[in-house]
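Report on one structure; see the data block that follows.
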Amino acid sequence: MELHLSAPLRRLGSTLEWDGLLAAGDLGSCEVYPQKVQHNSNGRYDVTYAVVCGDCECITYTAQQLRNMAFGAALDFCWSSTGTGDYVVHESISKLTLFRNFKEVKSEKPRVLSAEGLFGGTGAIGVKGNDSIAMFAWEELRLIRKIDVVVKNVFWFEKGSHVVLAYESSFLVLRYNMELAAQTFGAGTNSPEEGVDGAFDLLHEISDKVGTGKWVGDCFLYANAGGTQLLRGR
């Protein structure tokens, strides 16, 4: 995969005159056939990173210079929404690995399902199984709760208190009880097989398909074949 970077427009004056095409500089090439490219979401362009997954491997680059930051085996990958170099990789159906600042801190076997994919988010890490999704805490990869839904996509509210689980032709809106989960983990009363009882409350089940979606304030905005829809409130 060849990557290119155009000349930065901010260096040009405020009065523009046509004088031909800007030159593009080659950043280089990727060592794997990319199946997924994902930027971290810390909002600072000067420290933005991009990960490329493919051929059962993932490579993390700096987004501007395409400098290699990390490399390893991975079937899937998701960024943390807080730490600059914090992420989780799904190495096999029985292994998840948590990284902080690009350094491995913990590996965990998801006991309640065989991992098939990952969904990142503010509140938790979503690990997709064949017929369910398991939510794991970003801190220590501890199970929060398994939810028996065949999930297609996951959309977290930016504060982590609510989440939309989209499946084939419907979606669920859940409330995540973060304080309860934190108290349970702190007291050590969580179950490795069951997680935290009461961690999620079902608020709505909507019989409508979600193609793409995004939380905008307290509203969930989503699009499908019928157009753009808006779910108000939480």
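The values are calculated or read from the model by the stated rules, or taken from the named source; none is laboratory data. Small disclaimer: the values here were computed from a predicted structure and weren't measured. With ideal geometry, Cβ positions are generated from the backbone for all residues, glycine too; neighbour counts draw on all protein chains shown.
Name the residues in the range 101-120 that are more than 13 Å from MET135 (Cα to Cα) and either under 15 Å from the mean Cα position of the chain (by Cα) or in contact (Cβ under 8 Å) with a residue 40 or more places away in the chain (or both), would you?
PHE102, GLU116
Which of the strands (runs of 3 or more DSSP E) contained wholly in the range 90-157 include at least 2 residues that are basic (Lys, Arg)?
Strands (runs of 3 or more DSSP E) meeting the threshold: 95-100, 103-108, 143-147.
Looking at the range 56-76, can you tell me whether even one residue there is assigned to a strand (DSSP E or B), modelled with pLDDT of 75 or more, within 14 Å of the chain's Cα centre (by Cα) and not charged (D, E, K, R)?
Scanning the range 56-76, I find no residue that is assigned to a strand (DSSP E or B), modelled with pLDDT of 75 or more, within 14 Å of the chain's Cα centre (by Cα) and not charged (D, E, K, R), so the answer is no.
Can you tell me which residues in the range 114-145 are out of contact with any Leu (no Cβ under 9 Å at 6 or more places or on another chain) and hydroxyl-bearing (Ser, Thr, Tyr)?
Within the range 114-145, SER114, THR122 meet the criteria.
How about the range 179-197: which of its residues are within 13 Å of LEU143 (Cα to Cα) and not in a strand (DSSP E or B)?
ALA181, ALA182, THR184, PHE185, GLY188, THR189, ASN190, PRO192, GLU193, GLU194, VAL196, ASP197
List the number of the failed condition for GLY198; all other conditions in (1) farther than 29 Å from LYS95 by Cα; (2) loosely packed, with under 13 Cβ neighbours inside 10 Å hold.
Against the list (1) farther than 29 Å from LYS95 by Cα; (2) loosely packed, with under 13 Cβ neighbours inside 10 Å, GLY198 comes up short only on (1).
Could you check ASN130 against (1) surrounded by fewer than 21 Cβ atoms within 10 Å (Cβ to Cβ); (2) under 18 Å from the mean Cα position of the chain (by Cα); (3) among the polar types (S, T, N, Q) and say which number it fails?
(2)
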